[in-house]
Amino acid sequence: MERRAHPIIGLLVVASLARLLSLWFFHPLNWDEIEYFRAADWIRQGLVPYRDFWEHHTPLQWFVFAPLTALVRNDTGATAILAMRLLQVPLWALTFWALWRWMRNAGVEVGARGAAIAIAICSSFFMLAAVEFRVDTLSCALFAVGLLLLQERKEFLAGFVFCLAGFANIRLGPLLVMTMVLAAVVNVRWGAGALGGGAAPWLRRATSILGGAFVALACCALYFLVTRSVGVAIQSVWSDNYIAEKLAPAVPRIFLHRIAGPFGLRLIARAGAHFALGSIDPATIVIFIVGAIGVIRTLVAKWRAPDDWFFLALLQVVDVAFIARMKFLYNYHFEIVILLMLPFMAAAIGRLKPAATLTFVTLLVLINIGVVLFRGKEDDLAYQDLIMREVHRSTPANGKVFDGVGWAIRRPPAYRYWFLRAIVDVMEKNGRFEPYRITEPPAAFISDFGARVWLATHPDLRRYFTSHYLPTWRDLWLPGMSGTLAPGEQREWIVPADGDYRVYASPQLALHPWFRDPIATGSYARVDAHLQLSMFHNDAQFASGPGRRLRRGERFFVKSRDSRPFGVFVVPAERTELFRQPPRGVDLDAAFPPVTHVPRFRP
């Protein structure tokens with residue numbers, strides 16, 4: 001290693017350590033992480049994907065991590081997912097190693113390579129998704145290794161690895177197909193010289209690449225043949241995704257919105273919120289601008305004599321074109337775009353003086369450390385962990401939970417289509433997925449974003465859950481009945497769970513926001529301090545009846561003998577508080593933007 005590159009490598013290590021702090025302490029769980037963890041854990045338990053549980057992604061990541069979920073099989077909170085984040089770090093090391101070697105083979109000096117990777121790690125646009133446990137990590141690693149194998153003339157292995165990348169992440173499918181096609185038909189001068197002789201070198205390349213891909217496909221398909229799940233796998237991964245994509249409405253300007261985000265711009269935003277100074281991401285801006293210039297210059301300069309640089313630039317154009325056509329876009333869709341930009345950025349950095357490179361990378365690393373430490377959302381992570389552990393503590397082992405994500409990682413879901421994202425919403429509305437019907441009252445309802453949207457569009461379910469469940473915490477609703485009664489009115493419920501209950505009733509309770517807008521009351525939209533109720537048995541402000549044993553499924557009546565309207569809460573006897581609130585600005589879905597604050601390290 002060149003001596004002058006040592007400080008750059010040191011900065012790369014420092015930036016990486018800062019991101020490890022974000023991974024474990026400061027970055028709240030993303031919905032997708034819980035989805036992928038549950039799928040991997042179900043496979044560890046012997047379930048067959050698609051046949052035994054619903055999913056719509058390709059499954060390679062779950063099989064890779066299924067044995068590792070055994071390390072946290074007794075954990076019921078966020079630590080289980082944080083451990084998976086940590087265990088996937090070697091995959092990112094493999095990704096950057098493959099790009100490092102690709103750049104070395106292409107003639108990029110070591111300091112520029114280290115600087116490019118350090119800048120990527122300083123990019124919050126890239127790294128906030130990269131630290132999460134998601135299918136993109138494995139697919140990016142496999143794609144980077146495949147590119148390296150192509151560069152080193154190992155076409156059969158490259159085809160094998162590219163096929164595996166598709167089994168890790170179906171979203172990479174178009175890029176993977178175009179990579180293999182272009183590698184076969186474009187007369188690229190790989191490495192030190194042109195490809196070997198022969199009447200049709202493209203045919204040899206195509207045969208080798210497609211041969212490797214076919215072998216990988218056969219190996220993966222064998223599992224589904226043996227488990228008799230081929231049909232349902234094709235339906236879940238291919239047909240359902242294709243139909244949902246066609247039926248779903250597009251989000252206007254979503255591609256430009258994501259690209260503009262690191263510049264502080266919000267093209268899709270409420271009035272008065274089109275610019276956010278705290279969202280400016282200098283490292284990502286550098287990657288976008290310098291990388292794009294490098295791609296364009298390469299295509300213009302090398303199209304007559306294409307080499308591995310031209311091939312990579314062509315892939316980047318193809319990749320961005322496919323992403324721009326997608327109807328829904330999130331930052332993690334751009335992970336592969338960022339990675340493909342790094343060689344072009346490294347080539348540009350290689351033309352700078354070492355002192356200028358060191359100064360610039362140092363500045364970005366310092367900004368990165370400040371963002372990680374002082375813009376974290378550790379309180380959201382702590383609240384997520386609290387709800388996950390509390391729902392486990394409050395429900396029986398076989399108790400099903402209805403929510404939009406699967407927060408109760410050790411409890412079965414109440415709905416077959418348990419991950420309430422856009423595909424489920426579209427397919428259920430169009431009659432292709434059966435709707436959720438309550439044949440057995442769930443043991444709990446978690447009021448996350450997906451579940452609240454579901455209630456908003458399913459009035460029968462909304463009426464049931466808001467009258468038969470009560471928020472212990474704002475986002476955790478457990479069995480308990482409630483309602484308002486007019487003078488002389490009688491109200492009836494079907495008891496949702498066995499237990500000893502106590503009735504609280506008073507005119508004051510009729511004024512509680514729960515009875516006016518329960519969905520908003522059970523979400524971050526309402527953070528009023530007076531929401532919380534203390535149901536102590538000797539509390540004089542509420543008329544409290546004696547405890548009564550109730551059985552699930554039986555009818556329970558309350559009749560008004562008062563001349564005034566009053567509210568009723570029928571609460572399990574052991575529960576003394578309702579509507580407990582997290583700190584202001586904290587949410588289960590981490591919906592609030594980060595604010596600058598002194599970091600709080602939590603285990």
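The values are calculated or read from the model by the stated rules, or taken from the named source; none is laboratory data. Keep in mind that what you see is a predicted model, and the values were worked out from it rather than measured. Note that we place each Cβ from the backbone using ideal geometry, even for glycine, and neighbour counts take in every protein chain shown.
One residue stands out in the stretch 273-286 among those that are within 10 Å of residue 119 (Cβ to Cβ) and under 23 Å from the mean Cα position of the chain (by Cα): the one that is surrounded by the most Cβ atoms within 10 Å (Cβ to Cβ), namely 283. Checking each residue in the stretch 547-592 for being within 33 Å of the chain's Cα centre (by Cα), within 18 Å of residue 477 (Cβ to Cβ) and charged (D, E, K, R) picks out 577, 580, 587, 589. Only one of the listed residues (457, 466) is out of contact with any strand residue (DSSP E or B) (no Cβ under 9 Å at 6 or more places or on another chain), without any contact (Cβ under 8 Å) to a residue 60 or more places away in the chain and closer than 25 Å to residue 591 by Cβ. That residue is 457.
Residues that are surrounded by fewer than 13 Cβ atoms within 10 Å (Cβ to Cβ) and among the aromatic types (Phe, Trp, Tyr) within the stretch 287-311 comprise just one, 303. Restricting the stretch 547-559 to residues that are modelled with pLDDT of 85 or more and touching a Lys or Arg at 6+ places or on another chain (Cβ under 9 Å) leaves a set whose member that is surrounded by the most Cβ atoms within 10 Å (Cβ to Cβ) is 558. Scanning the stretch 407-429 for residues that are in contact (Cβ under 8 Å) with a residue 40 or more places away in the chain and out of contact with any strand residue (DSSP E or B) (no Cβ under 6 Å at 6 or more places or on another chain) yields 409, 410, 416, 417, 418, 419, 421, 422, 423, 426, 427. The residues of the stretch 308-332 that are closer than 17 Å to residue 142 by Cβ and either aliphatic (A, V, I, L, M) or under 17 Å from the mean Cα position of the chain (by Cα) (or both), listed by number, are 312, 315, 332.
Listed here are the helices (runs of 4 or more DSSP H) enclosed by the stretch 102-187 that have at least 1 residues being under 27 Å from residue 19 (Cα atoms) and modelled with pLDDT of 95 or more: 110-121, 124-130, 135-151, 155-168.
Residue 326 meets the conditions (1) in a helix (DSSP H, G or I); (2) touching a His at 6+ places or on another chain (Cβ under 8 Å) in every case but one. The failed one is (1). Here the condition is being hydrophobic (A, V, I, L, M, F, W, C), within 30 Å of residue 80 (Cα to Cα) and touching a residue at least 60 places away in the same chain (Cβ under 8 Å); of 373, 364, 358, it holds for 373 alone. Listed by first and then second residue, the pairs with beta-carbon distance under 7 Å, at least 6 apart or on different chains, first residue in the stretch 4-30 and assigned by TED's automatic domain parsing to the domain that holds residue 92 and at negative phi, second in a helix (DSSP H, G or I) and basic (Lys, Arg), are 23/85.
From the list 58, 76, 95, 69, the lone residue that is touching a residue at least 40 places away in the same chain (Cβ under 8 Å) and assigned to a helix (DSSP H, G or I) is 95. Filtering the stretch 547-603 to residues that are assigned to a strand (DSSP E or B), farther than 30 Å from residue 24 by Cβ and touching a Ser or Thr at 6+ places or on another chain (Cβ under 9 Å) leaves 566, 567, 568, 569, 570, 571, 577, 578. Taken as a whole, the condition of being more than 21 Å from the chain's Cα centre (by Cα) and not in a helix (DSSP H, G or I) applies to residue 305.
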